[in-house]
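The structure appears right after this line, and notes come after that.
The values are calculated or read from the model by the stated rules, or taken from the named source; none is laboratory data. Source: prediction; values computed, not measured. Because the Cβ atoms are built from the backbone with ideal geometry, glycine has one as well, and the counts that use them run over all protein chains shown.
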Amino acid sequence: MLRPITQAHDVALLMNDRPDLATETGCDGVHVGQDDTPYLEARAIVGVDAIVGVTCKRSLHLAMDAAEAGADYVAFGAFFATTTKLTEGGADPEILTRWQSATIVPCVAIGGIKVENCARLVSAGADFVSVASGVWDYPAGPAQAVKDFNAVFAAAAVAAES
């Protein structure tokens, strides 16, 4: 049901944790964590043209391994407390800055991200943020949450140009 909507807006649809379901449902790719299907196995399941991203928690070493293996992006976190998944939490935003200075592979910040706390992560170097309750539980509604997250990225881009 989601795929036609995302495709109509030129947005990739990724399945979390399950490369088999990503392939079966025609998703554009999969995101796997350290306790999920290993990257190389996920890549073999979804194919070379699909997007495969890997959660690397708070580890530059895991991120380098994933990037060298061919991951399309790496994800760091959890940065803030979250109820979406059990996490180790407490990732330092400095990891995003260090990653950006070391590679061109995009990075995603995950874990407890809300409009109110994402600017720090974007300024530190997050190319993307992964958000669940920060959108669905936003007081002004999900559509406004997306607009407000986009505004944070736009402000960071303006600041970077100056």
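Run down A140, A145, A132, A109 and say which single residue is surrounded by fewer than 20 Cβ atoms within 10 Å (Cβ to Cβ), without any contact (Cβ under 8 Å) to a residue 40 or more places away in the chain, on the phi < 0 side of the Ramachandran plot and in the same structural domain as A67 (by TED's automatic domain parsing).
On the way: A145 fails: surrounded by fewer than 20 Cβ atoms within 10 Å (Cβ to Cβ); A132 fails: without any contact (Cβ under 8 Å) to a residue 40 or more places away in the chain; A109 fails: surrounded by fewer than 20 Cβ atoms within 10 Å (Cβ to Cβ).
Result of the check over A140, A145, A132, A109: A140.
For the range 17-48, enumerate the residues that are buried (at least 18 other Cβ atoms within 10 Å of the Cβ) and in contact with a His (Cβ under 8 Å, 6 or more places away or on another chain).
Those that are buried (at least 18 other Cβ atoms within 10 Å of the Cβ) and in contact with a His (Cβ under 8 Å, 6 or more places away or on another chain): none in the range 17-48.
Restricting attention to the range 100-109, which residues are outside any loop (DSSP other than H, G, I, E, B), out of contact with any helix residue (DSSP H, G or I) (no Cβ under 6 Å at 6 or more places or on another chain) and modelled with pLDDT of 95 or more?
Q100, S101, V108
Can you say whether A126 is closer than 20 Å to L14 by Cα and touching a helix residue (DSSP H, G or I) at 6+ places or on another chain (Cβ under 8 Å), as far as the supplied structure shows? Even if it seems obvious, please write down each step before you answer.
Values: closer than 20 Å to L14 by Cα: yes; touching a helix residue (DSSP H, G or I) at 6+ places or on another chain (Cβ under 8 Å): yes.
So A126 fits the description; yes.
Give the range 110-162 a look and list any residue that's part of a loop (DSSP other than H, G, I, E, B) and hydrophobic (A, V, I, L, M, F, W, C), or say none. Even if it seems obvious, please write down each step before you answer.
Applying the first criterion (part of a loop (DSSP other than H, G, I, E, B)) to the range 110-162 yields 111-114, 125-127, 131-132, 137-141, 162.
Passing the criteria: I113, A126, V131, A132, A140.
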